[in-house]
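S.K.: One structure coming up, written as structure tokens, with questions to follow.
The values are calculated or read from the model by the stated rules, or taken from the named source; none is laboratory data. It should be emphasised that the depicted structure is a prediction, and the values quoted were computed from it without experimental measurement. Positions of Cβ are backbone-derived with ideal geometry, glycine not excepted, and every protein chain shown enters the neighbour counts.
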Amino acid sequence: MAYVDEAYYSTFSGLITDRLDSKLEKATDQINSLTYNRIVGNGFDNLTPFQQDKVKKAVCLHADFVEKYGEYIDMPLSGFSAGSISVNFNANKVNGITTTQEVLNYLNQTGLTCRRL
């Protein structure tokens, strides 16, 4: 079950228009991986309201990131150049999940990304 519903997503962003539920579900799964499945272990409803808010925002931003750059995320190349033109993909990879620093910043505020137990 996704941590964000369509109503929340539409007030926060609204970039994704088709197959929103499945994309939010995928983003939720990846957020779980970024938080070492601590949200699953504790239960989303057992998080503080502050943590829930940050996780919801992170899910929305990550879903938008995957929607915009999904085809480039798993490419074996991190960049290329042709003549004087150079393109590099600058994103963060944690636990095998590529995301933005903004998503990581939201999750770091929750205390759920610490590698210690």
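S.K.: Can you spot a residue in the stretch 11-24 that is of a type in the set (Gly, Ala, Ser), more than 12 Å from the chain's Cα centre (by Cα) and surrounded by 15 or more Cβ atoms within 10 Å (Cβ to Cβ)?
M.R.: Yes.
S.K.: If you don't mind, there's one more thing I want to ask. Scan the stretch 37-46 and tell me whether some residue there is in contact with a Leu (Cβ under 9 Å, 6 or more places away or on another chain), free of Cβ contacts under 8 Å to residues at least 12 places away in the same chain and farther than 20 Å from Asp21 by Cα.
M.R.: Yes, the conditions are met somewhere in the stretch 37-46.
S.K.: Can you name the condition, by its number, that Leu15 falls short on among (1) in a loop (DSSP other than H, G, I, E, B); (2) modelled with pLDDT of 95 or more; (3) of a type in the set (A, V, I, L, M, F, W, C)?
M.R.: Unmet condition: (2).
S.K.: Among the residues of the stretch 26-51, how many are among the acidic types (Asp, Glu) and crowded, with 17+ Cβ neighbours inside 10 Å? Before you say what the answer is, go through the steps one by one.
M.R.: Within the stretch 26-51, the subset among the acidic types (Asp, Glu) is 29, 45.
Among the residues that remain, those that are also crowded, with 17+ Cβ neighbours inside 10 Å are: none.
So the count comes out to 0.
S.K.: Further, regarding this structure: Test Tyr3 against the stated conditions and say whether it is in contact (Cβ under 8 Å) with a residue 24 or more places away in the chain and on the phi > 0 side of the Ramachandran plot.
M.R.: So Tyr3 fails the test.
S.K.: Give all pairs with beta carbons closer than 7 Å in which a residue from the stretch 75-97 that is surrounded by 10 or more Cβ atoms within 10 Å (Cβ to Cβ) and of a type in the set (Val, Ile, Thr) meets a residue that is at pLDDT 70 or above and in a strand (DSSP E or B); count only pairs at least 6 apart in sequence or on separate chains.
M.R.: If the second residue must be at pLDDT 70 or above and in a strand (DSSP E or B), the pairs left are Val87/Gly79; Val87/Phe80.
S.K.: Output the residue which, of all residues in the stretch 1-10 that are of a type in the set (Ser, Thr, Tyr) and crowded, with 17+ Cβ neighbours inside 10 Å, is modelled with the lowest pLDDT.
M.R.: Residue satisfying both the conditions and the ranking: Tyr9.
S.K.: Suppose we keep only residues that are in a helix (DSSP H, G or I) and free of Cβ contacts under 8 Å to residues at least 12 places away in the same chain within the stretch 18-33. Which one would you say is farthest from Ala58 (Cα to Cα)?
M.R.: Ser22
S.K.: Just one of the numbered conditions (1) at pLDDT 85 or above; (2) exposed (fewer than 10 other Cβ atoms within 10 Å of the Cβ) is not true of Glu67; which one?
M.R.: Here Glu67 meets the rest and fails (2).
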